[in-house]
1. Just to be sure I follow the rule: in the chain, considering lysines 8 or more places apart or on different chains, how many pairs have Cα atoms under 26 Å apart?
2. What trypsin sites (Lys or Arg not before Pro) does region 228-301 have in DSSP loop regions with at most 16 other beta carbons within 10 Å?
3. Which value, in Å² rounded to 10, gives the accessible area of MET157 with a 1.4 Å probe and all protein chains present?
4. So, in nm, how far is label LEU187 from label HIS199 when the simple model puts each one 7 Å beyond its Cα toward the Cβ?
5. On a full-extension model of 0.36 nm per residue, what is the gain between LEU44 and GLN116, subtracting their alpha-carbon distance, rounded to one decimal in nm?
6. Give me the accessible area of HIS287, 1.4 Å probe, in Å² rounded to the nearest 10.
7. Which angle between 0 and 90 degrees, to the nearest 10, do you get for helix 106-116 versus the longest principal axis of the chain when only C-alpha atoms count?
8. So how far apart, in nm, are the two label points at ASN331 and GLN308 if each is 7 Å from Cα heading toward Cβ?
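The values are calculated or read from the model by the stated rules, or taken from the named source; none is laboratory data. Note that the structure is predicted; figures quoted are calculated from it, not measured. Please note: Cβ atoms are built from the backbone with ideal geometry, for glycine as well, and neighbour counts cover all protein chains shown. Each accessible area value is taken on the protein alone, full model and side chains, heavy atoms only, with ligands, DNA and RNA left out. Shrake-Rupley method; radii C 1.70, N 1.55, O 1.52, S 1.80 Å.
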Amino acid sequence: MNTNTNLNADYKNILVVGGAGYIGSHMVLALQQAGFTPIVLDNLSRGHRQAVLNAEFIVGDLADKALLTQIFTGYPIAAVMHFASFIEVAESVRLPAHYYQNNVAATLNLLEVMLQHHIPHFIFSSSAAVYGEPKYTPIDETHPLNPVNPYGRSKAMVEAIIQDYSASYDLRYAILRYFNAAGADPLGRVGECHQPESHLIPLILQAVAHEEAAITVYGRDYPTADGTCVRDYVHVADVCTAHLLALQALLIGEKQIICNIGTGNGHSVQQVFDLIQRITHRTITVHEGTRRAGDPAILVADTALVQQLLGWQAQYSLSEMIEHAWQWTNNLKNIEINKYEFLSNP
């Protein structure tokens, strides 16, 4: 499906909530490239102002109904893309109230004000965490939802709320369940920068770039080919393309979309290490750790439904994800810190 379209002016403005974060900032670029006008709302608690390039930017929180009312009154918004969730599993176990307040209650605020202003199109950034421990793999959308931590439960709760709202109100939605988003903008404009970082690929690349201490592998006794966990890594640019296709489907009349976003291919932690060493020409020192509670052996997406509904298929390989993330990591290392002070001050 072509992601370029001729747009009525009323359909160009897209509110990107959490648009200063990792996936949100890439989405802003993708929307601009496709002819839309992104308007970013972010409270900067975890996003970075410098990651939003050449787009309208509003600092604010989803808990602020007055601000949401002002936005929907002041702009003709065609659709809302929601990326403003907290995403750290361990943190969600330690601070569940933060996750239910930010991920669930704040989304209810957003949906309420959307309905008041007759904004009918909503795209929600969900997660494979809603499935919990997989009963089978690859995981399709009919797999039971059984999240095992507050983060995953918060995503599943919002999914249920969206579906209930759609059944009773004029709300058309797309729920996209990401597997492991990775990589960076192929042109090097934005990339991944969490504080603290917990994702495997940027953790390894940061250690390589700064010649830091060893990286720990948590478990080599999983029932996989090399004993390490297997995950489905999908390029952030491909994730954004899926959002564009979902947006266009909603704008032309589709009412409900729920689908996985992954490649359908799994790669082990050891394979990621090996690829990074080959791409960076660096040797990585590895410490051996024990399994972390709740880490499934294999998480791989069945992508048949998203191909059927949206004509979407991942275009980038794991090697390309690593190459683009490595380019971004090197750019950050070489750029003056005062220009990118968000690295230490998120």
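1. Details: LYS12/LYS65; LYS12/LYS255; LYS65/LYS155; LYS65/LYS255; LYS135/LYS155; LYS155/LYS255.
Lysine pairs meeting both conditions in the chain amount to 6.
2. Working: sites: ARG231, LYS255, ARG278, ARG282, ARG291, ARG292; in loops: LYS255, ARG282, ARG291, ARG292.
Sites meeting the loop and neighbour criteria: LYS255, ARG282, ARG291, ARG292.
3. 80 Å²
4. 2.0 nm
5. Numbers: separation 72, 0.36 × 72 = 25.92 nm, distance 2.59 nm.
Between LEU44 and GLN116, full extension yields 23.3 nm more.
6. 100 Å²
7. Here the helix axis deviates by roughly 30 degrees.
8. 3.8 nm
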